[in-house]
Amino acid sequence: MPVVDVDPEELRELTGHDEKDDEELKTDLFGLGLEFEGRTEEGEFQLEFAPDRLDRLSVEGIARSLRYQYGDDRGVYVPNTNDAEWTIEVDEDVPDERPYVTGAVIRGVDLDEEALESLIQLQEKLHATMGRKRAKGAIGIHDLAMLKGAPARKGEGNSIRYTGIEPDGDRFVPLDSNSEMTPADVLTDHPTGETYADLVGEYERYPAIYDDIGLFSFPPVINGKRTEVSTDSRELLVEMTGTDQWTVDRMLSIVCYALDARGATVETVTVEYPDRELVRPDLSTREKSVSHDRIEGLIGVDFDPEEVVDLFERSGLDAETAEGGVGSQSSDRRSEPADSPVYEVDVPSYRVDVLHPLDLVDDVGRAYGFNDLEPSYPDVSTVGGRHDRSQLEDAVRDLLVGLGFEDLLNFHMISETENFERMRIDPDDDAVGAADPATIREPYSEDYTMLRTWALPSLLMVLENNTHRSYPQDLAEIGLAAHVDDSENTGVAERRTVAGVLARHDASYEDAKARLQAVARNFDVDLETPPTDHPTFVDGRTAAVVIDGESVGVIGEVHPSVLVEHDLELPVAGFEFRMDALE
């Protein structure tokens, strides 16, 4: 999870609580869900936090949360904004792959070394998280004094232009360089350009931002040196480009709130698309609803409505009891009890984590204090016991360990590349592991974009990461696999799967089959292994796993091209089958 470096002295200054010593701060931060991981060489706190609270990626955001926790601030705060004097004009030839832009002007900011370092850290942490390593959203921060605005196409004021540029188009001096380069030169000859070249390398035209002097930003790769921000900068232009308007707008909101906490003034910017016009930043609140019964039921505490409103305000939210109970058609209320009071809650724009009524309940619980909750026994009269499936899983696991396998527990999330491409299969193939995957619409990481459809890719990844360790390596896993199935209530069919690999200099199909036969004998099932074809395995050394007459898996020697793809220099034999075939 993300780790943020925070100067405790600066945190005390921004919260206005100089009396707090380091240990008290650690306790208060833990109450927010921020775990102390150690100190930097400079003595700063290293704080790990859940990636949902992206507004706490900076010391300013953490200080804001603490002030609410201490009761110094209450309710929703929305910064005042000045009217727009700058316009971002979006040309029609902006690359289709990155069509969205947003921005704000910041005036009167006092950037000392600590504030500048915090701003840079916030920028990079947002890139890594919400921006998906700049692929979904990228931030450019510029010294406004170094920009010369062109006359706006509509009305008065200054303008800059977001457009597309040929790879060998206009030249500019990028950050950390003293030489003029074309965008193509940046991608091949500049360290930062090489790092992010894959984001735009396939574009026919590259994104570019111009002022009246010329090119000054090449998003999402690098800014120009001309507009570099320093401790002498007092007015800033913040621009963000990306693949989704909501994402860049929310990222901008987090940055604006952080700079407002430094005493800066936020000024709006007009974004002129060819077919519409936006005024940004969008700092407006949005409304969510949650019932009183749901809050009490989940937290386990009897609250007065006034107390709930107070706890919302101590979380940085505004709330009031809606008239008419749950008569509204709000989608948040569909499952609320008909006689339960409902709270209409205003959520500030920087709270990108509030997506569901349960997120509101979590805020109430944290404001109340989870450590203050009293344990109680559930009001049920049942006797617990192991599920039959759980007992079967334990029995299979014990047997595999007895056969010499090392038991593993891997992530159920994986990428399409690992699950399919590196295993030489396609979702449309008629083979074990080939299926329509359940994918994540907005994945946090490109490494975890779907639920795996089989477990063997996970085992090959473990072998790949352990080539420095001694052999033999015999690995097994009993875990979840899933695929899209419209006949299921959830739309996804899940199953438990058993997979094993043998990595050694003499690993063979016969070795894997011997262990599979031992499993079949132990569970008193009939095993057959008729020859079959599978792209992951060697032709002629592959068989279907047929248990009690039903084809439930595959066994064979892993294909050399798959071994090379995983940097494995020894033969690997493996198998995978459905666990329920042993019932």
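Among the residues examined, VAL492 qualifies as open to solvent by 10 Å² or more (accessible area, probe 1.4 Å) and modelled with pLDDT under 95. Taking every residue in the stretch 104-119 that is assigned to a loop (DSSP other than H, G, I, E, B) and pairing it with any residue that is open to solvent by less than 20 Å² (accessible area, probe 1.4 Å) and of a type outside the set (A, V, I, L, M), at least 6 positions away or on another chain, the pairs with Cβ-Cβ distances below 9 Å are VAL109/SER233; LEU111/SER233. Answer yes or no as to whether ALA503 is farther than 20 Å from VAL558 by Cα and in contact with a Leu (Cβ under 6 Å, 6 or more places away or on another chain). So ALA503 fails the test.
Filtered by the rule that a residue be open to solvent by 30 Å² or more (accessible area, probe 1.4 Å), part of a loop (DSSP other than H, G, I, E, B) and not acidic (Asp, Glu), the stretch 1-32 gives MET1, GLY16, HIS17, LYS20. Would the stretch 195-218 turn up any residue that is open to solvent by less than 20 Å² (accessible area, probe 1.4 Å) and closer than 12 Å to ILE139 by Cβ? Within the stretch 195-218, one or more residues are open to solvent by less than 20 Å² (accessible area, probe 1.4 Å) and closer than 12 Å to ILE139 by Cβ. Considering the conditions (1) in contact (Cβ under 8 Å) with a residue 24 or more places away in the chain; (2) farther than 21 Å from LEU570 by Cα, GLU477 is excluded by exactly one of them, (2). The single condition among (1) farther than 23 Å from MET413 by Cα; (2) in a loop (DSSP other than H, G, I, E, B); (3) in contact (Cβ under 8 Å) with a residue 60 or more places away in the chain; (4) in contact with a helix residue (DSSP H, G or I) (Cβ under 9 Å, 6 or more places away or on another chain) that VAL525 does not meet is (3). Just one of the numbered conditions (1) modelled with pLDDT of 95 or more; (2) assigned to a loop (DSSP other than H, G, I, E, B); (3) open to solvent by 50 Å² or more (accessible area, probe 1.4 Å) is not true of MET461: (2).
Would you point out the residue of the stretch 511-566, among those that are within 41 Å of the chain's Cα centre (by Cα) and among the hydroxyl-bearing types (Ser, Thr, Tyr), that is surrounded by the most Cβ atoms within 10 Å (Cβ to Cβ)? Looking at residues that are within 41 Å of the chain's Cα centre (by Cα) and among the hydroxyl-bearing types (Ser, Thr, Tyr), I get THR536. Summed over the stretch 421-456, the residues that are open to solvent by less than 10 Å² (accessible area, probe 1.4 Å), assigned to a loop (DSSP other than H, G, I, E, B) and either more than 29 Å from GLN517 (Cβ to Cβ) or aromatic (Phe, Trp, Tyr) (or both) give a count of 1.
How many residues, within the stretch 62-71, are under 13 Å from ALA261 (Cβ atoms) and either part of a loop (DSSP other than H, G, I, E, B) or among the aliphatic types (A, V, I, L, M) (or both)? So the answer is 3. Would you confirm whether any residue within the stretch 19-41 is closer than 16 Å to ASP55 by Cα and of a type in the set (S, T, N, Q)? Within the stretch 19-41 (the criterion being closer than 16 Å to ASP55 by Cα and of a type in the set (S, T, N, Q)), the answer is no, since none of the residues qualifies.
Per the conditions (1) part of a helix (DSSP H, G or I); (2) in contact with a helix residue (DSSP H, G or I) (Cβ under 9 Å, 6 or more places away or on another chain), the sole criterion not satisfied by TYR350 is (1).
When the test is whether a residue is touching a His at 6+ places or on another chain (Cβ under 8 Å) and at pLDDT 95 or above, ALA104 does not pass it. For the stretch 369-383, filtering for residues that are aliphatic (A, V, I, L, M) and either within 35 Å of the chain's Cα centre (by Cα) or modelled with pLDDT of 80 or more (or both) leaves 1. Filtering the stretch 33-65 to residues that are among the hydrophobic types (A, V, I, L, M, F, W, C), open to solvent by 10 Å² or more (accessible area, probe 1.4 Å) and touching a strand residue (DSSP E or B) at 6+ places or on another chain (Cβ under 9 Å) leaves only PHE36.
Only one of the numbered conditions (1) closer than 30 Å to LEU311 by Cα; (2) open to solvent by 10 Å² or more (accessible area, probe 1.4 Å) is violated by ALA258, and that is (2). Scanning the stretch 450-474 for residues that are out of contact with any Asp or Glu (no Cβ under 7 Å at 6 or more places or on another chain) and touching a residue at least 24 places away in the same chain (Cβ under 8 Å) yields a count of 9.
No other residue among MET130, MET181, MET146 is touching a His at 6+ places or on another chain (Cβ under 8 Å) and buried (at least 16 other Cβ atoms within 10 Å of the Cβ) apart from MET181.
Checking each residue in the stretch 229-261 for being under 22 Å from SER159 (Cα atoms) and of a type in the set (Asp, Glu) picks out GLU235, GLU239, ASP249.
Looking at ASP110, is it open to solvent by 60 Å² or more (accessible area, probe 1.4 Å) and out of contact with any Lys or Arg (no Cβ under 7 Å at 6 or more places or on another chain)? Against the criterion (open to solvent by 60 Å² or more (accessible area, probe 1.4 Å) and out of contact with any Lys or Arg (no Cβ under 7 Å at 6 or more places or on another chain)), ASP110 does not qualify. The residue pairs whose first member lies in the stretch 342-355 and is touching a residue at least 40 places away in the same chain (Cβ under 8 Å) and more than 19 Å from VAL308 (Cα to Cα), whose second member is among the acidic types (Asp, Glu) and surrounded by fewer than 21 Cβ atoms within 10 Å (Cβ to Cβ), and whose beta carbons are closer than 7 Å, counting only pairs six or more residues apart or on different chains, are SER349/ASP282; ASP353/ASP52; ASP353/ASP359. Scanning the stretch 279-320 for residues that are hydrophobic (A, V, I, L, M, F, W, C), part of a strand (DSSP E or B) and surrounded by fewer than 18 Cβ atoms within 10 Å (Cβ to Cβ) gives a single hit, VAL279. For LEU409, the conditions (1) more than 30 Å from THR449 (Cβ to Cβ); (2) open to solvent by 50 Å² or more (accessible area, probe 1.4 Å); (3) touching a residue at least 12 places away in the same chain (Cβ under 8 Å) are fulfilled apart from (1).
The values are calculated or read from the model by the stated rules, or taken from the named source; none is laboratory data. Source: prediction; values computed, not measured. Reconstructed Cβ throughout: ideal geometry from the backbone, glycine too, with neighbour counts over all protein chains shown. When the accessible area is computed, the model is the full protein with side chains, heavy atoms only, and any ligands, DNA or RNA have been set aside. Shrake-Rupley method; radii C 1.70, N 1.55, O 1.52, S 1.80 Å.
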